[in-house]
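The values are calculated or read from the model by the stated rules, or taken from the named source; none is laboratory data. Source: prediction; values computed, not measured. All Cβ positions, even for glycine, are placed from backbone atoms using ideal geometry, and neighbour counts span all protein chains on display.
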Amino acid sequence: MPHTYEIIDDEDFNPEDDLRPEYDFAAIREADRVRGIEYRRMFVRLEPDIAAVFHDAEAVNTALRELIAARDVQAEQRL
């Protein structure tokens, strides 16, 4: 299933946009805390040419994990 995304400029971003009631992120985070799940999320703005290659968060995370693993292997080889 292809993912769709939209790249917006900073001036187009409005954190006060209305969300649907079912998108109660505070309640979701609280439910996760109750279950013992803690998330550390960081939002990073991708340049348009990079965003065109990585269509979802999973693709970005996979690529970054591979980069970290390669860096670790290279560091071990130097020892």
Legend entry - Contacts under 8 angstrom Cβ, first residue in the range 51-75 being in contact (Cβ under 8 Å) with a residue 12 or more places away in the chain, partner among the aliphatic types (A, V, I, L, M), 6 or more apart: A51/I7; V60/L46
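Would it be correct to say that I7 is modelled with pLDDT under 75, surrounded by 10 or more Cβ atoms within 10 Å (Cβ to Cβ) and part of a helix (DSSP H, G or I)? Give the steps one after another, and end with the answer.
Details: modelled with pLDDT under 75: yes; surrounded by 10 or more Cβ atoms within 10 Å (Cβ to Cβ): yes; part of a helix (DSSP H, G or I): no.
No, not satisfied.
Results for (1) assigned to a helix (DSSP H, G or I); (2) in contact with a Pro (Cβ under 7 Å, 6 or more places away or on another chain); (3) at pLDDT below 90, shown as yes or no for each residue.
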{"site": "G36", "(1), (2), (3)": "no, no, yes"}
{"site": "M42", "(1), (2), (3)": "no, no, yes"}
{"site": "V53", "(1), (2), (3)": "no, no, no"}
{"site": "A63", "(1), (2), (3)": "yes, no, no"}
{"site": "E66", "(1), (2), (3)": "yes, no, no"}
{"site": "A75", "(1), (2), (3)": "yes, no, yes"}
